[in-house]
Amino acid sequence: MQHILNNSAPLLILVFLSIVFLQSGIDKAMDWKGNVSWLKEHFKNTFLKNFVPMAVFKIMIVELLAGSLSLAGTLQLAFTGTKTLGLYGAIVSAVALLMLIFGQRIAKDYEGAKTIAIYFVTTIFGVWLLT
């Protein structure tokens, strides 16, 4: 219980990252056709238009890895006080967000990019707390 009380902020951020990235990665896997179809339309006027299925697959893998590491890091930190897996989860989460914001900027979806930036700030704060 003491590990939880002493690490409440990083634990809450790791739970947040677990939810965000496991839900997003699982959604991409479960609704592959819908996601690829929507994103092909989203990127139709960009140089990424021919790379959408490959990009979605890569982002899905990174998101699932980020969410899984964040979940494992939550458990490790809560039960042992060790931050290693949580730090890896937060770093991979930041990489996933950089991939996503790159796409939003290329598609000129500035509102979507702003939303991702908010997630990124929270994630970097988590990295800082876990370092």
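Here are some notes:
- Considering only residues in region 101-126 that are in contact with a helix residue (DSSP H, G or I) (Cβ under 8 Å, 6 or more places away or on another chain) and among the hydrophobic types (A, V, I, L, M, F, W, C), the one that is least open to solvent (accessible area, probe 1.4 Å) turns out to be Ala113.
Residue-wise test of (1) of a type in the set (A, V, I, L, M, F, W, C); (2) closer than 20 Å to Thr46 by Cβ; (3) in contact with a Phe, Trp or Tyr (Cβ under 8 Å, 6 or more places away or on another chain); (4) at pLDDT 95 or above.
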position: Ala78; (1), (2), (3), (4): yes, no, no, yes
position: Gly86; (1), (2), (3), (4): no, no, no, yes
position: Gly89; (1), (2), (3), (4): no, no, no, yes
position: Ser93; (1), (2), (3), (4): no, no, yes, yes
position: Leu97; (1), (2), (3), (4): yes, yes, yes, yes
position: Ala117; (1), (2), (3), (4): yes, yes, no, yes
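- Remark: pairs (first residue in region 111-131, under 21 Å from Thr74 (Cα atoms); second residue outside any helix (DSSP H, G or I) and of a type in the set (Lys, Arg); Cβ separation under 7 Å; 6+ apart in sequence or on different chains) = Leu130/Lys83.
- Residue identified as out of contact with any Asp or Glu (no Cβ under 6 Å at 6 or more places or on another chain), aromatic (Phe, Trp, Tyr) and under 16 Å from Phe125 (Cβ atoms) among Phe16, Phe79: Phe16
- Residue in region 1-53 that is nearest to the chain's Cα centre (by Cα), counting only those that are surrounded by 13 or more Cβ atoms within 10 Å (Cβ to Cβ), under 17 Å from Ala78 (Cα atoms) and not aliphatic (A, V, I, L, M): Ser18
- Verdict on Ser8 being out of contact with any helix residue (DSSP H, G or I) (no Cβ under 7 Å at 6 or more places or on another chain) and among the polar types (S, T, N, Q): yes
- Selection within region 28-48 - within 21 Å of Asp109 (Cα to Cα) and touching a helix residue (DSSP H, G or I) at 6+ places or on another chain (Cβ under 7 Å): Lys28, Asn35, Val36, Leu39, Lys40, Phe43, Thr46, Leu48
- Those residues of region 54-100 which are more than 16 Å from Asn35 (Cβ to Cβ), open to solvent by less than 40 Å² (accessible area, probe 1.4 Å) and in contact (Cβ under 8 Å) with a residue 60 or more places away in the chain, in sequence order: Thr74, Leu77, Ala78, Gly81, Gly86, Gly89, Ala90, Ser93
The values are calculated or read from the model by the stated rules, or taken from the named source; none is laboratory data. Please read all numbers here as calculations on a predicted model, not as lab measurements. Neighbour counts run over all protein chains shown; Cβ positions are idealised from the backbone, glycine included. Just so you know, the surface numbers come from the protein's heavy atoms only, side chains and all, with ligands and any DNA or RNA stripped out. Shrake-Rupley method; radii C 1.70, N 1.55, O 1.52, S 1.80 Å.
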